[in-house]
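Quick note: the coordinates plus some simple rules give every number you see, no bench work behind them. These numbers were taken from a predicted model, which means no experiment stands behind them. Cβ sites come from the backbone with ideal geometry, for glycine too, and all protein chains shown count toward neighbours.
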Amino acid sequence: MLAQSNNGILFVLSAPSGAGKTTIALKVLEKIEALERSVSHTTRPMRDGEVDGIDYHFIGIDNFHKMVDEGRFLEWAKVHGYYYGTLIQTIEKSFSQGMNVMLVIDTQGAATIREKKVANTSIFLLPPSIEELEERLRGRKNNTEDEIRIRLAKAASEIAQKDNYDYQVVNDIIDNAVMEVCQIINGERGKGKL
Ligand code: ADP
Ligand code: 5GP
């Protein structure tokens, strides 16, 4: 279990695939000091342009299951056919270095963190509409038609979980959404923590 004696804040950002969480997270991380993204472990194959250790730690399925058995993940989930997980050690290391941490994870992972009663501030990013979500998924050009269909079908059940999050932010105009997320983070930091 994550040691809660330290001073760092754990931020959890979730959204349906294509809503813009990667885009927003990158911009927020540029703007906020002492905040870093936890690099997850995944069994998904590396995409063009991705770097091992930067985008994800890319590992084999046996290794992933071994790490699950060893209790090393704060949370893990199977998303779109592959396993993803957040190491406890990664977060503890950031906290020990005086950093706050942002997890960009799916709704299952966020639910696990909530169930484990790990202190965190959670943000759900919403697309302005399902039509716009579909456009963004198509515009990104890294999913097949089948994958887009599956992601859209999942989006409704993910959006239904939005009220389980501390904050909801609509990602309509990028800069506005970035500003809102930054305000949430700065507000939490102002509550006497880092
Ligand atoms: P996610 O990480 O949630 O799957 P991405 O960050 O990859 O989503 O964004 C999906 C696509 O939508 C990308 O092509 C991105 O450039 C675009 N996008 C993100 N935010 C906006 C926005 N506010 N307006 C228009 N396009 C956006
Ligand atoms: P992608 O493979 O497109 O980068 O991510 C697919 C999905 O997995 C996204 O919803 C992303 O947020 C989620 N994800 C990435 N890392 C983790 C993680 O460590 N845990 C969980 N639960 N989901 C993750």
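Among the listed pairs 21/154; 78/162; 21/93, which have their C-alpha atoms separated by more than 22 angstrom in this model? Correct reply: 21/93. The stretch between residue 114 and residue 80, if pulled fully straight at 0.36 nm per residue, gains 10.1 nm over its current Cα-Cα span. Say R0 is 25 Å: what FRET efficiency, to the nearest 0.05, do residue 44 and residue 170 get from their beta-carbon distance? The formula returns an efficiency of 0.35 here.
Among 2, 26, 10, 152, the ranking by other beta carbons within 10 Å of each residue's beta carbon, starting with the fewest, stands as 26, 152, 2, 10.
Projecting label points 7 angstrom from Cα along Cα→Cβ for residue 132 and residue 52 puts them 3.9 nm apart.
Remark on residue 57: its backbone amide H falls under 5 Å from those of 40, 41, 42, a criterion applied only to residues 5 or more positions apart or on other chains, H modelled at 1.01 Å from N.
Summary of packing: across the peptides 180-187, 128-135, 11-18, 72-79, the per-residue average of other C-beta atoms within 10 Å ranks them, highest first, as 11-18, 72-79, 180-187, 128-135. Restriction of the trypsin sites (Lys or Arg not before Pro) in the stretch 85-175 to DSSP coil positions whose beta-carbon has at most 12 other beta-carbons within 10 angstrom yields 116, 117, 141.
Given H placed 1.01 Å from N in the peptide plane, which residues other than close sequence neighbours of residue 12 have an amide H under 5 Å from its amide H? It is 103, 121, 122, 123, by chain and number. Each Cα pair under 8 Å and six or more residues apart adds its sequence gap; the mean of these over the residue count of the chain is a relative contact order of 34 percent.
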